[in-house]
Amino acid sequence: MKTTDDIIKMVDITKIYDSLDVKTVALSDIDLVVKRGDFIAITGRSGSGKSTLMHIIGLLDNPTSGKYVLNGTDVSKLAEDELAFQRNKEIGFVFQQFNLLPRSTAVENVILPAIYAGVGSKERTEKAVELLTELGLEDHLNKKPNQMSGGQQQRVTIARALMNDPELILADEPTGNLDIKSGDDVMKTLKALNKEGKTIVLITHEHDIAAQAKKIWHLEDGRLINKP
Ligand SMILES: Nc1ncnc2c1ncn2[C@@H]1O[C@H](COP(=O)(O)OP(=O)(O)O)[C@@H](O)[C@H]1O
Ligand SMILES: [Mg+2]
């Protein structure tokens, strides 16, 4: 049991992409604290740095400088395998593009994080079926992604995100590829998970989606503004 109330604590995080002769400052001096149980939205125009910030929060990319403490662990100093371990344990990801394995069934997709975590075959399959059933997909357990609607596929990714029972759910434009009804369902699910105690960081460029979070922060040219 961790004693810290801060799931995310970033101090002076900067990200500079250095490709050939061009330097792009994607994030400048980001200070971000997210408390346990919070539900925050990060908005901003295309190119403002949303995905870069999401990748750093999610341990998918390293900052150029600054300090990042995730659930009590200073991840700035971790090696790649330790980062992968933390990522799989602490964070559930929900992406705009679903990122499901096309030739695998819903159940097979959902159990993946548990395979990496070393959970036994019977236990992880039962958990996957339970999560998919809670998300209303009990009739689609053995379907492949192309046999499901976009909304159903996004619910499979939410089940996958919950597989290792992470404290933090990171959602990058989760409604971006969905019709309005399916997008509403995803937002209802995220709000319900937040009520159950999950911390949610939602990245979106849609203001009516962001407005459903408890707090909204804006990125503008790599700077976080309108902090509460
Ligand atoms: N891999 C990369 N190499 C170089 N520049 C990048 C890379 N990824 C993003 N950028 C640049 O960093 C800035 C922020 O991009 P991004 O985080 O994708 O913004 P958003 O998700 O808000 O659209 C943009 O100027 C973008 O062109
Ligand atoms: Mg983006």
* How far, in degrees from 0 to 90, does helix 180-195 lean away from the longest principal axis of the Cα atoms of the chain, to the nearest 10? -> 80 degrees
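Mind scanning 67/214; 127/214; 50/214; 188/214 and naming the pairs with a C-alpha gap bigger than 21 Å? Mind dumping the intermediate values first?
Numbers: 67/214 25 Å; 127/214 29 Å; 50/214 18 Å; 188/214 14 Å.
Going by Cα-Cα distance, 67/214; 127/214 fall outside the 21 Å limit.
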* To do: Once you have the Cα-Cα distance between residue 134 and residue 177, take 0.36 nm times their residue separation minus that, and quote the gain in nm to one decimal.
  => 13.2 nm
* To do: Quick one: angle between helix 121-134 and the longest Cα principal axis of the chain, in degrees between 0 and 90, rounded to 10, please.
  => 80 degrees
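Suppose every K and R has +1 on its Cβ and every D and E has -1 on its Cβ; what is the size of the dipole of segment 105-228 about the Cα centre, in Debye to the nearest 20?
200 debye
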* **Computed over segment 1-102: relative contact order in percent, which uses C-alpha pairs under 8 Å that are six or more apart** => 30 percent
* What is the dipole size for segment 1-155, taken about its Cα centre, with +1 at each Lys and Arg Cβ and -1 at each Asp and Glu Cβ, in debye to the nearest 20? -> 260 debye
* Structure fact -> Everything considered on the Cα gyration tensor (a ≥ b ≥ c; rounded for a/c under 1.5, else prolate if a/b is larger than b/c, else oblate), the chain must be described as prolate
* Asked: Which residue, 74, 61, 18, tops the fluctuation ranking in a GNM of the chain built on C-alpha contacts under 10 Å?
  -> 18
* Asked: Where does the longest stretch of the chain lie that holds no trypsin sites (Lys or Arg not before Pro) found in a DSSP loop with 14 or fewer other Cβ atoms within 10 Å?
  -> 104-213
* Asked: Lys/Arg Cβ at +1, Asp/Glu Cβ at -1, dipole of the chain taken about the Cα centre: which of 166, 70, 84 is farthest positive-ward?
  -> 166
* **segment 149-200: relative contact order in percent, alpha carbon pairs under 8 Å with at least 6 residues between** => 45 percent
* Among 225, 189, 209, pick out the residue whose Cα is farthest towards the positive end of the charge dipole of segment 123-228, where Lys and Arg carry +1 and Asp and Glu carry -1 on C-beta, about the Cα centre. => 225
* Structure fact -> Applying the gyration tensor rule to the Cα atoms of segment 24-140 (axes a ≥ b ≥ c; rounded if a/c under 1.5, else prolate if a/b exceeds b/c, else oblate), the class is prolate
* To do: Report ³J(HN,Hα) in whole Hz for each residue of segment 144-159, in order, from the Karplus equation J = 6.51 cos²θ - 1.76 cosθ + 1.60 where θ = phi - 60°; Gly and Pro get x.
  => 8, x, 6, 9, 10, 6, x, x, 5, 4, 5, 5, 5, 5, 5, 4
* Asked: Taking amide H positions as placed 1.01 Å from N in the peptide plane, with prolines and chain starts having none, which residues 5 or more places from residue 216, or on another chain, fall under 5 Å of its amide H?
  -> 41
* Asked: Along segment 44-52, what does the Karplus equation 6.51 cos²θ - 1.76 cosθ + 1.60 (θ = phi - 60°) give for ³J(HN,Hα), rounded to whole Hz, x for Gly and Pro?
  -> x, 6, 4, x, 7, x, 4, 5, 4
* On a 0 to 90 degree scale, rounded to 10, what angle separates helix 106-116 from the longest Cα axis of the chain? -> 50 degrees
* Karplus (6.51, -1.76, 1.60) ³J(HN,Hα), θ = phi - 60°, over segment 15-25, in Hz, Gly and Pro reported as x -> 10, 10, 8, 10, 10, 6, 9, 9, 10, 10, 7
* Near the amide H of residue 94, under 5 Å away, which other amide H atoms are found, from residues 5 or more places off or on another chain, if H is placed in the peptide plane? -> 170, 171, 172
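Here, each number is a calculation from the coordinates, and none is a lab measurement. Since the structure is predicted, the reported quantities are computational estimates derived from the model, not experimental observations. For neighbour counting, all protein chains shown are included, and Cβ atoms are generated from backbone atoms with ideal geometry for every residue, glycine included.
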